[in-house]
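Step one of this worksheet: look at the structure below.
The values are calculated or read from the model by the stated rules, or taken from the named source; none is laboratory data. Since the structure is predicted, the reported quantities are computational estimates derived from the model, not experimental observations. FYI the Cβ positions are ideal-geometry reconstructions off the backbone, even for glycines, and counts take in every protein chain you see.
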Amino acid sequence: MHNVKEKNLDRILIAVAALMVALFSVTLFKHLSYPLLWNDEGDTAMFATRVLEYGFPKVYDGKNVVYVHPVDIKIGVNEFGMFVADPILIYYLAAPGAWLAEKAAGVYDKTLLFRLPFALAGLLGAFVMALAGAGLFEKGRPARPLFMALFFLFAALSVSLALHLREARYYSPLVLFSAVLFYSYFKHRLLGESGYKPYFAVSVFMLFLVYNTFYPLYFMLLASIGLYEIFTLSGKMRRERAPGRALAPPGLKDLKPFVPLIVSFITVIPLMIFFRTIEVALLKGSTVGFSMERYIANLQFIFGYFAKHEFLYIALLMKAALAFVLIPGRISGETLPEATAKKASASNFLTLFFLVHVFVTAATPLMFTRYFIVLLPVVTVVMLLDAFTVFEITKKYPGTSRKAWQGGLIAASAALFILGLAGKAWDRRGAPTSSPTSTRGPLISSCLSSLRTTRGPRTSS
């Protein structure tokens, strides 16, 4: 009877998860064809067109110069006229959509075809991220579809996530590439369900794509994975140390997790030289300037954003509850069940990535939400993994204690969720008009003011 009820519940939750995916898809694709490109999207469209014409993002086509960047044009353009101030993979990813848009007649159809690949990449990235977390749960049990349903519920409630993933910029590819990397990492390092060679190939390739899309995230991922592996290795060395020794020496096998990171870094060194990455980054920082006051203000902005527009307080509640229920076991030396320990490890890894990302991103002179948009699904996964882990641990508590813990946690989460919804309602009421309404007429001048286009002499054909 118990198995029958569980199977029925599993089917219901699968249907609910499918409904949440559909709801998120609506928020992502609704009014995608409305022809108002953001200023950054216009940059993507112009360079994607140049890729179709010249095979690379050429700045000067004989008539016009396209260059929107704080770094001097002498640094940001090489001897071939190629834009090199930023990674250029995004313009090649946008080229198919630009090619399809050229074939369409109406402006709505053109906009839809240009944006569609990015929105699809965003949807796929969110789905892979959800699978990365859901894969930590036992197959055929209700917890797995429940995790998926909750993940896409929170995703559907995130205005920023939907608006960024539908833009023709690097945001959705980054979410996809990082999600595939996390999925592969969990499968190999935590679950042991994939071999070293597939993980090596996937991790090196995804990191390569990330670097060529938005190189700051590349270094954050490299640092996060490297730090987590160092922590894991140091713990293993402490456990296996001989009497009288501080640490056991690592074996060659213990160093294998670091090999993909080293190989990945070697593969991007030529790109760092060609695109003058370090020089451009230093010049970009010097253009605006940096101070500790600005750094602290950026940290306040990032954490304030997650507190106001996302569900950071629920995530902090779950993290605090998890730390509290783990303390007695750590003191007594009791180990967690393997499945529960894997969820806690995945949460710790993603939490480390979140912290590394935030404290590195805060050093950016000019702060925008897009710089940390990849963290939105990460925070949701951390929050849900912590919640499920707490419930799994407290399941073994005596009846009264278990009910108090789980009931109190649900009540507090519900209260914070309702408060969060109030902020979401304000977000949706003030969301840009490109989402709920059609925009007609010319673009406002402020959208065009930062576009530096100079007219050159017309050349005879």
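Quick notes
Per-residue answers, yes or no, for (1) buried (at least 17 other Cβ atoms within 10 Å of the Cβ); (2) more than 18 Å from the chain's Cα centre (by Cα):
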position: Ser178; (1), (2): yes, no
position: Leu191; (1), (2): no, yes
position: Tyr196; (1), (2): no, yes
position: Ala201; (1), (2): no, yes
position: Ser234; (1), (2): no, yes
position: Pro243; (1), (2): no, yes
position: Ala248; (1), (2): no, yes
position: Pro260; (1), (2): yes, yes
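- Those residues of the stretch 1-46 which are out of contact with any Gly (no Cβ under 9 Å at 6 or more places or on another chain), among the basic types (Lys, Arg) and part of a helix (DSSP H, G or I), in sequence order: Lys5, Arg11
For every residue, the table says whether it meets (1) part of a loop (DSSP other than H, G, I, E, B); (2) farther than 29 Å from Ala404 by Cα.
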{"residue": "Ile296", "(1), (2)": "no, yes"}
{"residue": "Gly304", "(1), (2)": "no, yes"}
{"residue": "Lys308", "(1), (2)": "no, no"}
{"residue": "Ala320", "(1), (2)": "no, no"}
{"residue": "Arg330", "(1), (2)": "no, no"}
{"residue": "Glu334", "(1), (2)": "yes, no"}
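- Enumeration of residues in the stretch 120-155 that are of a type in the set (Gly, Ala, Ser) and within 15 Å of Ala339 (Cα to Cα): Ala132, Gly133, Ala134, Gly135, Gly140, Ala143
- Exclusive hit being surrounded by fewer than 18 Cβ atoms within 10 Å (Cβ to Cβ) and part of a helix (DSSP H, G or I), set Ser347, Ser401: Ser401
- Residues in the stretch 262-281 that are surrounded by 10 or more Cβ atoms within 10 Å (Cβ to Cβ) and either farther than 16 Å from Phe205 by Cα or not aliphatic (A, V, I, L, M) (or both): 13 in all.
- Of everything in the stretch 279-293 that is among the small types (Gly, Ala, Ser) and more than 26 Å from the chain's Cα centre (by Cα), the residue that is nearest to Lys74 (Cα to Cα) is Ser286.
- Counting only residues that are under 14 Å from the mean Cα position of the chain (by Cα) and buried (at least 19 other Cβ atoms within 10 Å of the Cβ), the stretch 212-232 holds 8 of them.
- Test result for Asp40, within 20 Å of the chain's Cα centre (by Cα), surrounded by 14 or more Cβ atoms within 10 Å (Cβ to Cβ) and at negative phi: yes
Residue-wise test of (1) surrounded by fewer than 16 Cβ atoms within 10 Å (Cβ to Cβ); (2) within 22 Å of Phe24 (Cα to Cα); (3) of a type in the set (S, T, N, Q); (4) modelled with pLDDT under 95.
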position: Lys63; (1), (2), (3), (4): yes, no, no, yes
position: Val71; (1), (2), (3), (4): no, no, no, yes
position: Lys74; (1), (2), (3), (4): yes, no, no, yes
position: Ala95; (1), (2), (3), (4): no, no, no, no
position: Lys103; (1), (2), (3), (4): yes, no, no, yes
position: Arg115; (1), (2), (3), (4): no, yes, no, no
position: Ala119; (1), (2), (3), (4): no, yes, no, no
position: Gly133; (1), (2), (3), (4): no, yes, no, no
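- Against the criterion of being in contact (Cβ under 8 Å) with a residue 40 or more places away in the chain, under 27 Å from Thr111 (Cβ atoms), touching a helix residue (DSSP H, G or I) at 6+ places or on another chain (Cβ under 7 Å) and not charged (D, E, K, R), Leu176 qualifies.
- Taking the conditions (1) in contact with a Pro (Cβ under 9 Å, 6 or more places away or on another chain); (2) in a helix (DSSP H, G or I) in turn, Phe290 satisfies each one other than (2).
- Condition met for Glu53 (within 30 Å of Val280 (Cα to Cα) and either of a type outside the set (Phe, Trp, Tyr) or without any contact (Cβ under 8 Å) to a residue 12 or more places away in the chain (or both)): yes
- Test: Arg370 is at pLDDT 90 or above, charged (D, E, K, R), under 24 Å from the mean Cα position of the chain (by Cα) and assigned to a helix (DSSP H, G or I): yes
- Check on Phe147, hydrophobic (A, V, I, L, M, F, W, C) and either within 15 Å of Leu375 (Cα to Cα) or touching an Asp or Glu at 6+ places or on another chain (Cβ under 8 Å) (or both): no
- Number of the exception - Lys253 against (1) in contact with a helix residue (DSSP H, G or I) (Cβ under 8 Å, 6 or more places away or on another chain); (2) in a helix (DSSP H, G or I); (3) without any contact (Cβ under 8 Å) to a residue 12 or more places away in the chain: (1)
- Filtering the stretch 312-353 to residues that are more than 28 Å from Lys139 (Cα to Cα) and touching a residue at least 24 places away in the same chain (Cβ under 8 Å) leaves Leu312, Tyr313.
- When residues in the stretch 390-444 are screened for being closer than 28 Å to Thr27 by Cβ and modelled with pLDDT under 85, 23 of them pass.
- Beta carbons closer than 6 Å, at least 6 apart along the sequence or on distinct chains, pair a first residue in the stretch 214-241 that is touching a residue at least 12 places away in the same chain (Cβ under 8 Å) with a second that is crowded, with 16+ Cβ neighbours inside 10 Å and among the charged types (D, E, K, R) for Leu233/Asp254.
- The number of residues in the stretch 1-36 that are surrounded by 15 or more Cβ atoms within 10 Å (Cβ to Cβ) and within 30 Å of Phe114 (Cβ to Cβ) comes to 14.
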